[in-house]
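Working notes for the structure below.
No value in this document is a laboratory result; all are computed from the given coordinates. Just so you know, these numbers come straight off a predicted model, no measurement behind them. Cβ placement follows ideal geometry from the backbone for every residue including glycine, while neighbour counts extend to all protein chains displayed.
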Amino acid sequence: MQQHELTEVDIKKMQEEIDYLIKEVTPQLREELQRARALGDLSENDEYRTLKRELNRTYSRIRYLQNMINNAVVIKVESEEDKIGLFDTVKLYDEESGEEQTVKIVTMLRSDPLSGLISKESPFGRALLGKKVGDRVKIEVNDKYSYYVVVKEIEKGTDDESLEINKF
């Protein structure tokens with residue numbers, strides 16, 4: 001089994017979602033499914049098939065979240081004041097493109113690269129962790145391509161529950 005490094009906030013948010021899915025979403029879907037079933041011929045009932053799929057997706061999401069919690073290794077959010085750590089926002093200068101970008105280092109569960117939320121487990125996140133302002137960092141995309149960024153600024157962050165967990 002793969003273990004996931006998650007914060008207490010990650011686990012709390014997952015448990016809240018599980019509770020919501022079990023107490024709110026599942027009963028509502030079951031009720032709608034019974035109503036759709038009562039409409040007659042199930043082989044031609046698109047509403048029934050759609051609701052059945054949605055209920056199965058909900059069960060799958062519950063199992064996924066429970067598995068993540070069961071296999072979690074709880075980590076503390078701490079880093080040295082002058083080094084990049086978890087939940088820090090970092091301004092970078094990309095030497096190749098000549099552009100600046102800002103990213104935030106987060107847990108895998110809350111990553112969204114298109115929004116600048118970079119997983120600490122990703123090659124990009126791993127390369128940045130522990131670096132200081134002024135450091136030149138090699139980002140290895142794959143065996144054949146890499147590029148360099150320079151750390152321009154670090155804004156220390158906290159795990160303040162503002163970031164949602166991914167819906168995958």
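Computed over the range 1-138, the Cα gyration tensor eigenvalues convert (square root of 5λ each) into semi-axes of 43, 18, 11 Å, ordered from largest to smallest. Rounded to the nearest Hz, the phi-derived 3J(HN,Hα) couplings of the range 123-134 under the Karplus curve 6.51 cos²θ - 1.76 cosθ + 1.60 (θ = phi - 60°) are x, 5, x, 4, 5, 7, 4, x, 7, 10, 4, x, where x marks glycine and proline.
Across the range 50-58, rounded Karplus estimates of 3J(HN,Hα) from the backbone phi angles (6.51 cos²θ - 1.76 cosθ + 1.60, θ = phi - 60°) give 5, 5, 4, 4, 5, 5, 5, 5, 5 Hz, Gly and Pro being marked x. Here the chain carries DSSP beta bridges of which approximately 75% are antiparallel, counting only pairs with both residues inside. Solvent-free Debye calculation, one equal scatterer per alpha-carbon of the range 4-74: log10 I(q)/I(0) at 0.24 Å⁻¹ equals -0.96.
Which links in Lys83/Lys138; Lys12/Lys152; Lys83/Lys144 stretch past 24 Å when you go from one Cα to the other? Numbers along the way, then the final one.
On the way: Lys83/Lys138 16 Å; Lys12/Lys152 33 Å; Lys83/Lys144 29 Å.
Checking Cα-Cα distances, Lys12/Lys152; Lys83/Lys144 exceed 24 Å.
If you wrap a convex hull around the C-alpha atoms of the range 65-117 and split its volume per residue, what is the figure in Å³?
Numbers: hull volume 5.4 nm³, N = 53.
Here the figure is 101 Å³ per residue.
This model, with +1 at the C-beta of Lys and Arg and -1 at the C-beta of Asp and Glu, gives the range 1-126 a dipole about its Cα centre of some 800 debye. Put the Cα centre of the range 146-168 next to the Cα centre of the range 91-145 and the gap is 9 Å.
Roughly what % antiparallel, to the nearest 5, for the DSSP beta bridges in the range 82-143?
Values: 6 of 9 bridges.
The answer is about 65 percent antiparallel.
Per residue, the chain reaches -10500 deg cm²/dmol at 222 nm when only DSSP H runs of four or more residues are counted, each adding -39500 (n - 2.57). The label-point distance for Asn67 and Asp19, in a model that sets each label 7 Å from Cα toward Cβ, rounds to 2.4 nm.
Working note: Karplus 6.51/-1.76/1.60 with θ = phi - 60° gives the range 5-11 the couplings 7, 10, 8, 4, 5, 4, 5 Hz, where Gly and Pro are set to x.
Above 13 Å lies some portion of the pair distances; for the range 89-155, what is it as a whole percent of all C-alpha pairs? Spell out each step's value before the answer.
Numbers: 1367 of 2211 pairs.
Counting pairs separated by more than 13 Å, the tail of P(r) holds 62 percent.
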